[in-house]
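A quick write-up on the structure given underneath.
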Amino acid sequence: MLLYKSRKRHKIKKLEPATILFSGFLGLILLGTGLLMIPAATSDRHHLSFIDALFEATSAVCVTGLAVVDTGTTFTLFGQIILLVLIQVGGWGFMTIGILMFIILGKKIGLQQRLILKESLNTFSLQGVIALVRRVVLITLAVEAIGALVLAIRWSQEMSWGKAIYYGIFHSISAFNNAGFGLEPDNLSKWVGDPTVNIVITLLFIIGGTGFFVIADILEKRSIRKFSLHTKIVLVSTILLNVVSTLVIFALEYHNANTLGKLGMGDKWWAAYFQGVVPRTAGFNTLDIGELTLSSKVYMMGLMFIGAAPGSTGGGIKITTFVLILLALWVVLTNKEDINVFQRRIPKSLIYRAFSIATSAMIFVFVIFFLLTITEKGVDMSTLLFETISASGTVGLSANFTGDLSPAGRILITIMMFIGRVGPLTIGFVLAIRSNKQSKIRYAEEKILIG
């Protein structure tokens, strides 16, 4: 009996990090919900309803960017600062904030905290996780400060310095953390052809979306040959997808009078570039998403589902997961045994995990999408699916429908955003634990028909 209890306690202890990650994000969301419901957080001094506040807080903590109210006009400076703090904490992860406080206070960081941090940052091992936290904080603050300064200088040309500085800080934090919240009703549409705004905003969310491990690897090794396999895959696939996506959006929207068709050639390329690179990570827009062709929306859905890199401020199933699935498919089609890339062999356990994460994400999307077809009567299926995948990938792009969601629909999208942010981390942690459990019993093998 004593042995049984000991094993049970050991099992609970192993699952504790996943529970803590889940509870931590949920706690942050509830705290943000309460703060956003304070009358001082809204311009009209009337507090938001619980559902709307919960939606906005979840979108901020999960660095999504979907909103049921206009950020710039609905919230006061106090309310907007609450959103910024939630975005920053959500982008870092609550465990990063916790460890940072431990470091500042000089407290000892135990094994349990390191385990949770390892899963939160999605790193390979416990070694160097505390050093990585320091790098995460320093890199974030440095990049956000530079982005805010450049944006403030640019926007000072059309608004007061005080407002320009605030706009720069807000959009820099929102962009680096891949949140997509903007202070203008039409997001960044008025700067559709502005080189400075386009380059700075996209660089911010691309850097944030490559992952802190990749950034640290580049800064440390400074040589392509010395980069880890993970860094090489993330960089190559990110560049390839961004180039292809720019060309695809340009081709699909070129004759659309409501998007690229009304712009000059230079602005066409800037708009195609911006909307081509934004779907995998952030929810900003310089074009009216609702006016895009169906083909462009479908293509964007695929990008949103893929998402950013592991350990980044972006969501989705992650680009490395997508690449591993493609490589596995190629190996099956070519009847090869191993998956080799950049003269390295990928462990089969990672392939199983990649398929598990992608499959679970598709199941979540299907369930929420199905329920939305029940709660949102008469709404086009493509619009509902776009909204669902955007929430799942914590992207934040919307086909001008988020504000029209019913109360039940808002709850469903809130759940989808939470699953999109926490789900992959929790699932990955559980899979990592179970993959180390090797059963001593092996049954007789028997094949079944598939395909």
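The values are calculated or read from the model by the stated rules, or taken from the named source; none is laboratory data. Being a predicted model, the structure only gives us computed values, none of them experimental. Here the Cβ positions follow ideal geometry from the backbone for every residue, glycine too, while neighbour counts run over all protein chains shown. Heavy atoms of the whole protein, side chains included, go into the accessibility calculation; ligands, DNA and RNA do not. Shrake-Rupley method; radii C 1.70, N 1.55, O 1.52, S 1.80 Å.
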Exercise for the section: Could you tell me which of the pairs LYS163/LYS297; LYS190/LYS318; LYS318/LYS348; LYS262/LYS297; LYS221/LYS348; LYS318/LYS377 are separated by over 23 angstrom between their Cα atoms in the structure shown? Expected result: LYS163/LYS297; LYS190/LYS318; LYS221/LYS348; LYS318/LYS377
Practice task
Work through the residues other than THR388 whose Cβ is under 14 Å from its Cβ and net out their charges, Lys, Arg +1 and Asp, Glu -1.
Solution key: -1
Problem - Distance between region 216-246 and region 31-87 - C-alpha centres, whole angstrom - result: 36 Å
Exercise for the section: Could you list which residues have their amide H under 5 Å from that of VAL341, counting only those 5 or more apart in sequence or on another chain, with H placed in the peptide plane? Expected result: ILE346
Handout entry: Residue-wise HN-Hα coupling along region 77-83, computed from phi with Karplus coefficients 6.51, -1.76, 1.60 (Hz; x: Gly, Pro)
Key = 4, 4, x, 5, 5, 4, 4
Practice task
Working with all protein chains in place, sort LYS348, LYS336, LYS221, LYS297 by solvent-accessible area computed with a 1.4 Å probe, largest first.
Solution key: LYS336, LYS348, LYS221, LYS297
Handout entry: Relative contact order [Cα under 8 Å, 6+ residues apart], region 192-266, whole percent
Key = 19 percent
Handout entry: Accessible surface of HIS47 - all protein chains present, 1.4 Å probe, nearest 10 Å²
Key = 110 Å²
Practice task
Go through region 134-146 residue by residue and turn each phi into a ³J(HN,Hα) via Karplus (6.51, -1.76, 1.60, θ = phi - 60°); whole Hz please, and just put x for glycine and proline.
Solution key: 4, 5, 4, 5, 5, 4, 4, 4, 5, 5, 5, 5, 5
Completion exercise
accessible surface per residue for region 253-292, probe 1.4 Å, DNA/RNA/ligands not counted, whole Å² -> 34 Å²
Fill in the blank from the handout: Carbon and sulfur atoms account, in whole percent of the 1.4 Å probe accessible area of region 189-261, for 68 percent
Problem - Per-peptide average of other Cβ atoms within 10 Å, ordering 373-382, 174-183 highest first - result: 174-183, 373-382
Handout entry: HN-Hα J in Hz across region 325-336 - Karplus 6.51, -1.76, 1.60, θ = phi - 60°, x for Gly and Pro
Key = 5, 5, 5, 5, 4, 5, 5, 5, 5, 8, 6, 9
Exercise for the section: Show the residues, 5+ positions off or on another chain, whose built amide H is closer than 5 Å to the amide H of PHE75. Expected result: SER43
